[in-house]
Amino acid sequence: MTMSQGFTVLLATLHLAVGVSEGAKIIALKAPAETGDPASPLIHRANSVSGTLGGCARVIADYPTFELATVNSRELGACMQSLKASGVIALEKPTFDEIRVNGYTFPSDGPPSGLPSWAPRAGSSARMYLVQFIGPSRPEWLAFVEDLGDPIGYLPDNTFLVRMSGGGGERARQQAFVQHVSPYEPAYKIARDLAPKEEAINLTVQIDEGQDASQAIGLLGSLGAPVLDIDRKGSTSTVGVVAGWSEILALAALPEVLWIERRVPPQISDERAGLVLAGRHNGTSPTNPGTYQSWLASKGFCTSTSRPPGCYDYWNRVAVFDSGLDVQDGPS
């Protein structure tokens, strides 16, 4: 499901931090265990003894290929050296105790900091919450959150944006594997390149259709907003609108609004399209092949009549794609 970024502070009785952190977090990689049977599944051997790593770190979560542990911050350096000397590969994970969203960063056990003074705050009507686990998600942890509400998206590290009631947030705070719960703040929904007091901005607004979106739709309708695209699978709608700063703040304050950003109209920018639009392509080849090939050669490309050493074949096609696989220090 799609989502952008954004979050909030629970005020007064809905104070955000759970505060289970005991110091620095580390992960200790497990070494593969020899089974003697090439056909058997690969297993990994735990490094801890009775829940303790090297006598200096306490294991708080166990995973198939690593253990997550906490270390007294004052003893972190000595503990890491001790683990290294014993052959254990351990990695510090300071970002496991941070909330990071849309350029805002603050400790998991404290209130959000650095929020702009112009931003409204989420109140008792908040229906979107940040829920951060003590470490990488485990199936049973995510199942618990799914029982509370609907996870809408993931944020690094170990944080989910969850649609749920305030009562669900209170239940989440009571779990040992949850270290932070707070509402989705309006300030986090507004792209950082949008400047206060700016007027007549071409915007894209993402709305959560899993909530009552009547207020947002009504406000957008009053601005003459056309619906550009609806992602039914993700239960979100994307709406294009021209609005000023005051309308941006009003939209961000609505619980059903997920993200607001500047809309950049799509443009045809590939080389052949440029030639077609310039009237220099007949659908098969450039209409000025000599001039065009000279231009290609001046840029270091090979042509059909010239192939100097080190030139690039201009007919090569390059595709960029996201495999969906993250490269991490330790598997999660």
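The values are calculated or read from the model by the stated rules, or taken from the named source; none is laboratory data. Since this is a predicted model, take the numbers as computed values, not measurements. Counting neighbours? That spans all protein chains shown, and the Cβs are built from the backbone with ideal geometry, glycine included.
Some notes on this structure:
- In this structure, VAL101 does not satisfy being of a type in the set (Val, Ile, Thr), closer than 30 Å to ALA31 by Cα, in contact with a strand residue (DSSP E or B) (Cβ under 8 Å, 6 or more places away or on another chain) and surrounded by 14 or more Cβ atoms within 10 Å (Cβ to Cβ).
- Residue match in segment 123-134 (condition: surrounded by fewer than 20 Cβ atoms within 10 Å (Cβ to Cβ), at pLDDT 90 or above, in the same structural domain as HIS180 (by TED's automatic domain parsing) and closer than 30 Å to GLY167 by Cα): no
- In the condition set (1) under 30 Å from ALA200 (Cα atoms); (2) free of Cβ contacts under 8 Å to residues at least 40 places away in the same chain, TRP295 is compliant with all but (1).
- Given (1) more than 17 Å from GLU185 (Cβ to Cβ); (2) assigned by TED's automatic domain parsing to the domain that holds ARG171; (3) surrounded by 20 or more Cβ atoms within 10 Å (Cβ to Cβ); (4) modelled with pLDDT under 95, number of the condition VAL88 does not satisfy: (2)
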